1. Here is a check on your reading of the model: is Arg44 part of a helix (DSSP H, G or I) and near ligand 1 (Cβ under 10 Å from one of its atoms)?
2. Among the residues of the range 56-104, how many are of a type outside the set (Val, Ile, Thr) and within 16 Å of ligand 2 (Cβ to nearest atom)?
3. Filter the range 77-95 for residues that are over 19 Å from the mean Cα position of the chain (by Cα) and in a helix (DSSP H, G or I) and give the result.
4. Would you check which residues across the range 182-204 are in a helix (DSSP H, G or I) and over 13 Å from the mean Cα position of the chain (by Cα) and list them?
5. Of all residues in the range 270-313, count the ones that are charged (D, E, K, R) and assigned to a helix (DSSP H, G or I).
6. Can you tell me which residues in the range 18-40 are more than 9 Å from ligand 2 (Cβ to nearest atom), within 17 Å of Arg78 (Cβ to Cβ) and over 25 Å from the mean Cα position of the chain (by Cα)?
7. Right, Gly216: more than 22 Å from the chain's Cα centre (by Cα), surrounded by fewer than 18 Cβ atoms within 10 Å (Cβ to Cβ) and at pLDDT below 95 or not?
Amino acid sequence: MIKNIELLTSPEFRSKLSQCIHCGLCLPACPTYNALGTEMDTPRGRIALMRAASDGRIELVDFKDSLTQHINLCLACRSCETSCPSDVNYGNLIEAARIVVEHNRSSGMAERFLRWLGTKQLMTNRSLLRFIARALYVYETIGMQQVVRSTNLLPKTLQAMEAILPPINPHYQDYRVPAPADGNKRGNVLFFTGCIQEGFLPQVNQATVRVLQRNGFDVHTPASQTCCGAAHLHLGDEEYAKRLACRNIDTFLAHEGEFSAVINNAGGCGASLKEYPHLLTGDPVYAQKAKQFSDKVKDISEFLMENLHSPPEGELKVRATYSDSCHLRHGQKVVNQPRQLLGMIPGLELVELSSPDLCCGSAGVYNITQIDTADKILDAKMADIAATGANLIVTSNTGCQMQLIAGVRRAGLEAKVLHVVEVLDLSYEKESVNSE
Ligand code: SF4
Ligand code: SF4
């Protein structure tokens, strides 16, 4: 008996499945099809497998060998959604399939412990995350990292985790005090910091706050916020993701009426926050609140393009390329805004990738759980980046930024990887220095 199979047999799920007309137009947009070349690793193939499971045509033993394998290889990047002429909501389909797969999988003690530690302790505890980040900073700066990287002695999974560790700058902002607007105040916003972002790339959050201040906003960062729950959903733990969602909703709605938006700067987190209404559908207490909350959620680029009062004027002489975050591009449909912001910076030459819509292989924890395929996808992305000749790679999601930093090292490129908001912040800084 397949556990939780009702998620794949509900009329709602079957109706979403039936929207696929098997046209195959999504195939070229699918990174796993590009990397592996197999029909079962395309959106169409995975939908066919989901339909077979839904119709009861897959036995438990085959389920583990077929559906599980191909669902786990999906990045959930949702590139297929953008190219689908039939509006198949692939994101919802893969989310349900993952929960079923997860509930029918047996995992070892070590894996269960690592998941518990990562998703239920680290990601939900800012102090612990900062403590670990500081320890890793020491590991990076006393030369241990060089030794570890040169010996390749770590087990494969730990090696993959180590490879995406960015250079850590453990100087954390005290968010208990709201950051006041520079000059004329135009409004108040709340800031969602994210978990890994705040632990490992705190400079991105600090740049976000400065850019918002520069544009006339007081920035409040509620202390009781927690992880968005995207990684938990990615790993099929819907119940825990719901708990985190409810806590965030309560935290941010407690300030209802005092702010105009909830700003976030990570494409994956933002997509997850905007999808709380779907996650909490049917919840008697939170369904309505989730809608109220998600209506306020804005990615930083999306918000700035609607509220930019101080265009960046400091010159940055760089050749840059922008690597989309899949969840920002395909999930939130925020495509032009980051490019428009970069395009305003004097001196910055923006060169498009030939396939900006393809994932970099980060995809939540994909680069740790599907190491070989993630590496193939990353190599394709880095070749595309190298062809632009850019010395600055710009992105808009924590996982992508870490993956691209690792990709630059892997490909031997001479390029910096920054978030859009860090580039804006640099331009503002340059402007201030010039005017002194
Ligand atoms: S979500 Fe991404 S990897 Fe998965 S089927 Fe769609 S395009 Fe392919
Ligand atoms: S493009 Fe859409 S309708 Fe066509 S095969 Fe892909 S998912 Fe199905």
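The values are calculated or read from the model by the stated rules, or taken from the named source; none is laboratory data. What you see is a predicted model, and the numbers here were worked out from it, not measured in a lab. Using ideal geometry, Cβ is built from the backbone for each residue, glycine included, and neighbour counts are taken over all protein chains shown.
1. yes
2. Within the range 56-104, residues that are of a type outside the set (Val, Ile, Thr) and within 16 Å of ligand 2 (Cβ to nearest atom) number 22.
3. Ser83
4. Answer for the range 182-204, where residues must be in a helix (DSSP H, G or I) and over 13 Å from the mean Cα position of the chain (by Cα): Glu198, Gly199, Phe200, Pro202, Gln203, Val204.
5. Final tally of qualifying residues: 5.
6. Passing the criteria: none in range.
7. In short, no.
For every residue, the table says whether it meets (1) at pLDDT 95 or above; (2) out of contact with any helix residue (DSSP H, G or I) (no Cβ under 7 Å at 6 or more places or on another chain).
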{"site": "Arg243", "(1), (2)": "yes, yes"}
{"site": "Arg247", "(1), (2)": "yes, yes"}
{"site": "Asp250", "(1), (2)": "yes, yes"}
{"site": "Glu256", "(1), (2)": "no, yes"}
{"site": "Phe259", "(1), (2)": "yes, yes"}
{"site": "Asn264", "(1), (2)": "yes, no"}
{"site": "Gly268", "(1), (2)": "yes, no"}
{"site": "Lys274", "(1), (2)": "yes, no"}
